[in-house]
1. Of the numbered conditions (1) part of a strand (DSSP E or B); (2) hydrophobic (A, V, I, L, M, F, W, C); (3) in contact with a Ser or Thr (Cβ under 9 Å, 6 or more places away or on another chain), B:Val68 satisfies every one except a single condition; which is it?
2. In the stretch A:1-49, which residues are at pLDDT below 85 and part of a helix (DSSP H, G or I)?
3. Tell me which residues, restricted to the stretch A:39-54, are buried (at least 22 other Cβ atoms within 10 Å of the Cβ) and not polar (S, T, N, Q).
4. Name the one entry in B:Ala61, B:Ala37 that is free of Cβ contacts under 8 Å to residues at least 40 places away in the same chain, open to solvent by less than 30 Å² (accessible area, probe 1.4 Å) and not in a helix (DSSP H, G or I).
5. In the stretch B:28-39, is there at least one residue being at the interface with chain A (Cβ under 10 Å from one of its Cβ atoms) and either of a type in the set (Ser, Thr, Tyr) or under 11 Å from the mean Cα position of the chain (by Cα) (or both)?
6. Just to be sure before I move on: is B:Asn172 closer than 29 Å to B:Leu60 by Cβ and open to solvent by 20 Å² or more (accessible area, probe 1.4 Å) in the structure I sent?
7. Is one or more of the residues making up the stretch A:68-88 facing chain B (nearest Cβ under 8 Å), under 23 Å from B:Asp39 (Cα atoms) and either in a helix (DSSP H, G or I) or acidic (Asp, Glu) (or both)?
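The values are calculated or read from the model by the stated rules, or taken from the named source; none is laboratory data. On a predicted model such as this, the values are computed, not experimentally measured, just so you know. When we count neighbours, we look across all protein chains shown, and the Cβ atoms used for this are built from the backbone with ideal geometry, even at glycine. Surface accessibility is based on the protein's heavy atoms, side chains included, excluding ligands, DNA and RNA. Shrake-Rupley method; radii C 1.70, N 1.55, O 1.52, S 1.80 Å.
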Amino acid sequence: MEARTETLEPSQGRASAPAGEAAPGRRPFQAFLDEHRGPVLGYLRSMVGAVDADDCFQETFLAALRAWGAQDSEGSRAWVMRIAHNKAVDHHRSRARRPEPRDELPEVSSEDAQPDDELWARVGSLPDGQRSAVGLRYVAGLSHREVGVALGCSEAAARRRVADGLSRLRKQIHEG
Amino acid sequence: MQTLSRTKDEDLETALEALGVPSADEADRAAQAFAVAADRAGLVDVAYGRLDTPMGELTLAATEQGVVEVALPNRDPDEVLATLATRISGRVVRLAKRIDPARRELDEYFAGTRREFDLELDWRLAKGGFYGQVLRRISEVPYGSTLSYGELAGRAGNRRAHRAAGTACGSNPIPILVPCHRILQSGGGTGNYGGGPEMKRRLLRLEGVLD
């Protein structure tokens, strides 16, 4: 079960920036955006689908920009992924309040993504906790430690969620 | 097909890694839409953009008050942005909209169709005191004419401070728009320039001062 206590403000993500780098607020925000925009957009697509990912992307980086330069803002990859994850969770919640069927799979809008459709659908049908862990680990390329920071759980729990998600996917694929 | 071979695991992991990776174009579009939204939310303290000119690529930066820096082609753009972040604010975002007026006027200037700039300037990166006085006097030197460092110093209130006038020109954060290239040595030599002496000569040629 996904820990659903995480409507955290960006400033609460606690992963320290790599040593030797300038304090995040003193780094041009654009450099941070350029570094993380691809993984953030990819992860959000895996969570909310291509259409809504653009909105969540905007909200994610607006929240990061608001926090930029505040004493406790972070600027790390795990930090921005934590914000992105929270935006995706918020998005699902607001979806759930609407009278639409809430279990629909992410829409994959772009034509050229078709060969991936099946895998998208399978990832989309994973339980929430596994789905976000798998998305953060593989689509966004985070380490298990960073997945833990982004999801607000321990590294061990993150590793377990990723492994459980993978084995469920593998099982599905074998069963056809 | 039935065994969970090692290769198969890696295949799945590779397929997952490839999943959802946006193209450079898609990521670019998302980033641009974000920049517009950030501007609307009043969160962009420093907007910047690049401009190709016949003399190389300029980096232009503007706050909400106006153009705050024109970085000449010999400057490293990453370093320019890092300095802006340190001196003004880390909220530095690439945003065409705020840079466009300067881009347009500079394009016209380099094409020879504009002789005066009509842009708001933000002087916050300029030195203060006498240097600041000197810098503000530079804008009074019209297109196609020149002044010596000593004459400029005199206009700022101290005829003998020609060295200080040179220092002020060298520290000009908004060159071209604040045309320090029009300030020459009293003997007629072109003197130093932030973008290098050759660029200074080219600007003077563009304005018809040099052949």
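1. Every listed condition holds for B:Val68 apart from (3).
2. Narrowing the stretch A:1-49 to residues at pLDDT below 85: A:1-26.
Once the filter is applied, which keeps residues that are at pLDDT below 85 and part of a helix (DSSP H, G or I), the stretch A:1-49 yields A:Pro10, A:Ser11, A:Gln12, A:Pro24, A:Gly25, A:Arg26.
3. A:Pro39, A:Val40, A:Leu41, A:Gly42, A:Tyr43, A:Leu44, A:Arg45, A:Met47, A:Val48, A:Ala53 - these are the residues of the stretch A:39-54 that are buried (at least 22 other Cβ atoms within 10 Å of the Cβ) and not polar (S, T, N, Q).
4. Criteria check complete, one pass: B:Ala61.
5. Step one: of the stretch B:28-39, the residues at the interface with chain A (Cβ under 10 Å from one of its Cβ atoms) are B:28-31, B:33-38.
The next check asks that each one be either of a type in the set (Ser, Thr, Tyr) or under 11 Å from the mean Cα position of the chain (by Cα) (or both); those that pass are none.
Among the residues of the stretch B:28-39, not one is at the interface with chain A (Cβ under 10 Å from one of its Cβ atoms) and either of a type in the set (Ser, Thr, Tyr) or under 11 Å from the mean Cα position of the chain (by Cα) (or both), which makes the answer no.
6. Details: closer than 29 Å to B:Leu60 by Cβ: yes; open to solvent by 20 Å² or more (accessible area, probe 1.4 Å): no.
No.
7. No, because not a single residue in the stretch A:68-88 is facing chain B (nearest Cβ under 8 Å), under 23 Å from B:Asp39 (Cα atoms) and either in a helix (DSSP H, G or I) or acidic (Asp, Glu) (or both).
Yes/no per residue for (1) at pLDDT 95 or above; (2) open to solvent by 40 Å² or more (accessible area, probe 1.4 Å); (3) away from chain B (no Cβ under 11 Å):
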| position | (1), (2), (3) |
| --- | --- |
| A:Val123 | no, no, no |
| A:Gly129 | no, no, yes |
| A:Gly141 | no, no, no |
| A:Glu146 | yes, no, yes |
| A:Leu151 | yes, no, yes |
| A:Glu155 | yes, yes, yes |
